[in-house]
1. Pairs of alpha-carbon atoms within less than 8 angstrom and 6+ residues apart define the contacts here; what relative contact order does segment 174-254 have, in percent?
2. For the pair residue 136 and residue 153, how long in nm is the line joining their label points, each one 7 Å along Cα→Cβ?
3. Out of 194, 126, 165, any idea which swings most in a Gaussian network model of the chain, alpha carbons joined below 10 Å?
4. Above 20 angstrom, tally the Cα pairs of segment 174-254 and express them as a % of all pairs, no decimals.
5. Would you work out the charge dipole size for segment 38-78 about its Cα centre, treating the Cβ of every Lys and Arg as +1 and the Cβ of every Asp and Glu as -1, and quote it to the nearest 20 debye?
6. Of the chain, which part is the longest with no GluC sites (Glu not before Pro) in a loop (DSSP not H, G, I, E, B) and with at most 16 other C-beta atoms within 10 angstrom?
7. Of 7/62; 71/160; 71/135, which sit over 30 Å apart, Cα to Cα?
8. Only one of the listed values, (i) 1.02; (ii) 1.24; (iii) 0.96, was derived from the coordinates as Rg/Rh (Cα atoms, Kirkwood Rh); which label is it?
Amino acid sequence: MSEVLNKIQSRRSIRKFKPDMVSKEILDQIIEAGLWAASGRNSQTPIILCVTNKEVRDKLSKANAQVMGSKADPFYGAPVVLVVLAKKSWPTYLYDGSLVMGNLMLAAHELGIGSCWIHRAKEVFNMEEWKEWLKTLGIEEEYEGIGHCVLGYADGEEPKQIARNEGRVFYVEEDLAQETVVATGRIVEVDVDNRNFTIDSAGDFSGRIRFNVPEGANVMPLEKLDVNMHVKVTHANFMTASLPPQTTAYEVEVL
C-alpha cells in the first residue's frame, strides 16, 4: 500500500488534546497542504484563519458552544484552530472549502498532529461580532464558515480503526453497460449526422426512446432507416433521464 493511502486509512479524529502548542513550522506545513487543495476551476477562493491566540481561541470556543447549546469546550482542549471560510459568491465554495479541510487533517496526521473537524463555523461567522472581527483582519468580502480544524497533540491513545461499511460502492463496468433488452416501435426521427434515431415504443417502456448508434454496432446504415418503419431494437439495459430518454442501440431489425 502506498504511504498516502496508509495515511488516509490510519487518520483518526482526536477528541482530547494536550495543551502543548504546535510549532509555527509545523502549522505552516499543514496550512500549505490546505492551500494546495483542489478547487472549482482552480479558483482558490477558500481562506484559512490560523488561531493560536488563546483569548481568541477561547472566544471562538464559547461562540461555538453557544450555537451547540452547551457549556463544554467543543474544541476538546486543542490549542490551535484553523478556521476555513469560503467566498459565498463562488458556486463551488462549500465543496472547495471541504477539500481544504480534508487536506489539513491529512497533513496534520502525516506530521504527527491530531486533528478534528468541528462544525458550526457557518453559524459562528454569521454572527455580527465575528463578521466585524473578520473586517479587523482585512477580510471585507462575504465569506461563509466551512469548518474549524482543531489541532494539537493527542492526549491518550488514538481511536481504533473501524471497518468500513459494506455496500457503498457500485461498479458500472463495460459488461454491465452492455446487458441488453429489446424495444419495438415505429421510427419517428432519424438524425444521420449525430448517429441517432428515435422510435415511438410500444413495449415495456411506452413512449419515445432515442437510440445512439456507436461505431461498429450491428445496425444497418442510418441512411436506410426511415420514418414510419417498424423496428425491433436491441439496446443497452439503461437509459438517461433526459426527454426523450436515451440509450445505446446494438442491433436493429426492420419488422
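Laboratory data are not the source of any read-out in this text; all were calculated from the coordinates shown. Bear in mind that the values here come from a model prediction, so they are computed numbers and not experimental data. Cβ coordinates were reconstructed from backbone atoms using ideal geometry, including for glycine residues, and neighbour counts include every protein chain displayed.
1. The value is 34 percent.
2. Distance between label points: 3.0 nm.
3. Greatest mean-square fluctuation among the candidates belongs to 194.
4. Roughly 20 percent, once rounded to a whole number.
5. On the way: 6 positive and 3 negative charges, 13 e Å.
With only Lys, Arg, Asp and Glu charged at Cβ, the dipole is about 60 debye.
6. Numbers: sites that count: 140, 141, 142, 157, 166, 173, 179, 215.
Result, exposed sites excluded: 1-139.
7. Working: 7/62 32 Å; 71/160 28 Å; 71/135 28 Å.
The pairs that break the limit, which is 30 Å between Cα atoms, are 7/62.
8. Comparing each candidate, only (ii) matches the computed number.
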